[in-house]
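One structure below.
The values are calculated or read from the model by the stated rules, or taken from the named source; none is laboratory data. Bear in mind that the values here come from a model prediction, so they are computed numbers and not experimental data. Every residue, glycine among them, receives a Cβ derived from its backbone with ideal geometry; neighbour counts consider all protein chains shown. The accessibility values were calculated without ligands, DNA or RNA, using every heavy atom of the protein model including side chains. Shrake-Rupley method; radii C 1.70, N 1.55, O 1.52, S 1.80 Å.
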Amino acid sequence: MDETVEGQPRNRNSYRFAVILLLALLVPAWFHPAAAQQPGKIPRIGYLSITDAATDSPRAEGLRLALRELGYIEGQNIAIEYRFAEGKNDRLPGLATELVRLKVDIIVAAAGDVTIRAAKNATKTIPIVMTGQGTDPVRTGLIESLARPGGNVTGITNLTRELGGKRLELLKEAVPKLARVAVFYDPALPPSLHEVKELLPADARALKLTIQPWEIRAVDAFEKVFAALNKQRPDGLYALIGGGVMRPNRKRIAGFALKSRLPSVSSSEAFVDAGGLMSYAADDADGYRRVAIYVDKILKGAKPADLPVEQPTKFELVISLKTAKQIGVAIPQSLLYRADRVIR
């Protein structure tokens, strides 16, 4: 016969205590947001980039941090499959197909038009989130409209290639005697080609500047172009940093501009950190946060066709006073006041 405590069997009390303890442990989990995901159903994100892992590291890390702010921790409640084309456009279709075969829940196209196009050609059903690089996605046929993208592509578009005129304007403000500007670009990138051929000429004329386009199709072209520029001696340099050739070599380009005492401007803040004079572009950190929000909404059931594509509202002007001193340029105080970051 069981012993009793205050008239109740000890075993029965133990059983009730165990049930209460179990409920106390389980109830919080029922109300936790992650409880909606069944065990083994961790979301998988495909990350597709035209560059190599080292070059892309700041962008990938920025996205990881932004996702963490929303409660998504890589390796715990979300998995990310990385694919890097290492500067070879022809590798993108195969890498995009790999991600589709892995049945990822979302593909983040971490570069411009060629990367987004490769992902879009690989799948019509898996949502694709743009990270802001590239040209107007409506004009290039990637989406139907900014308000209602249609299809499976959404995200952010920085329209960075549409800001070339503003960058030339800022460079001339920094160097009033500016007359001839060399432009480095990769013609294999449609946005860069569009900017150099269709946008910059009119912008340059309005500023009374002459632009000198220089194609950079492969890494071995840099030294030839550098040698030619040393003979022609332009007054400034505009580097369209993007894609698998230009982006990994931004330090090389900035180093050439520094050595040649050429005032330079770019769409990449990292270019200034590498020794360039100035940059003007959408705020990267804000862009990462917005991409993470798209990922979050889609994982919670939103359809990309119904998520409006956003354009940037915040741009950053970065100026390197350190570089300015090295190349003998006196940056006007009025321009420094407008800079979001000054490297001293």
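Please give the strands (runs of 3 or more DSSP E) falling wholly within the stretch 134-230 in which 2 or more residues are closer than 26 Å to Ala119 by Cα.
It comes to 153-157.
Run Asn121 past the list (1) under 30 Å from Pro332 (Cα atoms); (2) within 21 Å of the chain's Cα centre (by Cα); (3) open to solvent by 50 Å² or more (accessible area, probe 1.4 Å) and report the number of the one that doesn't hold.
Just one mismatch for Asn121, condition (1).
Scan the stretch 259-281 for residues that are more than 20 Å from Glu173 (Cβ to Cβ) and either touching a helix residue (DSSP H, G or I) at 6+ places or on another chain (Cβ under 8 Å) or hydrophobic (A, V, I, L, M, F, W, C) (or both) and jot them down. Walk me through how you get there before you give the answer.
Residues of the stretch 259-281 more than 20 Å from Glu173 (Cβ to Cβ): 259-260, 270, 273-275.
Hits for the stretch 259-281 are Ser260, Ala270, Ala274, Gly275.
If Arg59 passes every condition in (1) charged (D, E, K, R); (2) open to solvent by 50 Å² or more (accessible area, probe 1.4 Å); (3) within 26 Å of Ile241 (Cα to Cα); (4) in a helix (DSSP H, G or I) but one, which one does it miss?
Just one mismatch for Arg59, condition (2).
Determine if the stretch 257-279 includes at least one residue that is open to solvent by 10 Å² or more (accessible area, probe 1.4 Å) and of a type in the set (Phe, Trp, Tyr).
No: zero hits.
Mind checking whether some residue in the stretch 233-241 is surrounded by fewer than 19 Cβ atoms within 10 Å (Cβ to Cβ), closer than 17 Å to Trp214 by Cβ and in contact (Cβ under 8 Å) with a residue 40 or more places away in the chain? Quick ask: steps written out before the conclusion?
Looking only at the stretch 233-241, we keep the residues that are surrounded by fewer than 19 Cβ atoms within 10 Å (Cβ to Cβ), and these are 233, 235.
Subsequent filtering for residues that are closer than 17 Å to Trp214 by Cβ retains 233, 235.
The next check asks that each one be in contact (Cβ under 8 Å) with a residue 40 or more places away in the chain; those that pass are 235.
Yes: one or more hits.
What number goes with the only condition from (1) touching a residue at least 40 places away in the same chain (Cβ under 8 Å); (2) open to solvent by less than 50 Å² (accessible area, probe 1.4 Å) that Arg289 does not pass?
Result: Arg289 fails condition (2) only.
Rundown of residues vs (1) more than 22 Å from the chain's Cα centre (by Cα); (2) crowded, with 22+ Cβ neighbours inside 10 Å; (3) in contact (Cβ under 8 Å) with a residue 60 or more places away in the chain; (4) at negative phi, yes/no style:
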{"residue": "Arg247", "(1), (2), (3), (4)": "no, yes, yes, yes"}
{"residue": "Gly255", "(1), (2), (3), (4)": "yes, no, no, yes"}
{"residue": "Asp283", "(1), (2), (3), (4)": "no, no, no, yes"}
{"residue": "Gly328", "(1), (2), (3), (4)": "yes, no, yes, no"}
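May I ask you to verify whether Arg180 is open to solvent by 40 Å² or more (accessible area, probe 1.4 Å) and under 23 Å from Val318 (Cα atoms)? Before you say what the answer is, go through the steps one by one.
On the way: open to solvent by 40 Å² or more (accessible area, probe 1.4 Å): yes; under 23 Å from Val318 (Cα atoms): yes.
The answer is yes for Arg180.
Do we find that Ala302 is small (Gly, Ala, Ser) and modelled with pLDDT of 90 or more in this structure?
Numbers: small (Gly, Ala, Ser): yes; modelled with pLDDT of 90 or more: yes.
So Ala302 fits the description; yes.
In the stretch 78-91, what count of residues is obtained for those that are more than 16 Å from Leu102 (Cβ to Cβ) and surrounded by 15 or more Cβ atoms within 10 Å (Cβ to Cβ)? Talk me through it step by step, then tell me what you get.
Going residue by residue through the stretch 78-91, those that are more than 16 Å from Leu102 (Cβ to Cβ) are 85-91.
Then keep just the ones that are surrounded by 15 or more Cβ atoms within 10 Å (Cβ to Cβ); that gives 85-87, 89, 91.
Total satisfying the criteria: 5.
For every residue, the table says whether it meets (1) of a type in the set (Gly, Ala, Ser); (2) within 19 Å of Thr51 (Cβ to Cβ); (3) modelled with pLDDT of 95 or more; (4) open to solvent by less than 50 Å² (accessible area, probe 1.4 Å).
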| residue | (1), (2), (3), (4) |
| --- | --- |
| Pro187 | no, yes, no, yes |
| Gln212 | no, no, yes, yes |
| Ala218 | yes, yes, no, yes |
| Ala221 | yes, yes, no, yes |
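Taking the residues in the stretch 106-117 that are open to solvent by less than 10 Å² (accessible area, probe 1.4 Å) and part of a helix (DSSP H, G or I) as candidates, determine which candidate is farthest from Val295 (Cα to Cα). Steps first, please.
Taking the stretch 106-117 and keeping what is open to solvent by less than 10 Å² (accessible area, probe 1.4 Å), we get 106-111, 115-116.
Subsequent filtering for residues that are part of a helix (DSSP H, G or I) retains 115-116.
Working: Thr115: 18, Ile116: 16 Å.
Only one residue tops the list, namely Thr115.
Do you know which of the residues in the stretch 96-105 that are touching a residue at least 12 places away in the same chain (Cβ under 8 Å) and surrounded by fewer than 22 Cβ atoms within 10 Å (Cβ to Cβ) is nearest to Val309 (Cα to Cα)? Please lay out each step first, then the result.
We begin by selecting, within the stretch 96-105, every residue touching a residue at least 12 places away in the same chain (Cβ under 8 Å); these are 96-100, 102-105.
Among the residues that remain, those that are also surrounded by fewer than 22 Cβ atoms within 10 Å (Cβ to Cβ) are: 97-98, 100, 102-103, 105.
Working: Thr97: 24, Glu98: 26, Val100: 23, Leu102: 26, Lys103: 24, Asp105: 19 Å.
Among those that are touching a residue at least 12 places away in the same chain (Cβ under 8 Å) and surrounded by fewer than 22 Cβ atoms within 10 Å (Cβ to Cβ), it is Asp105.
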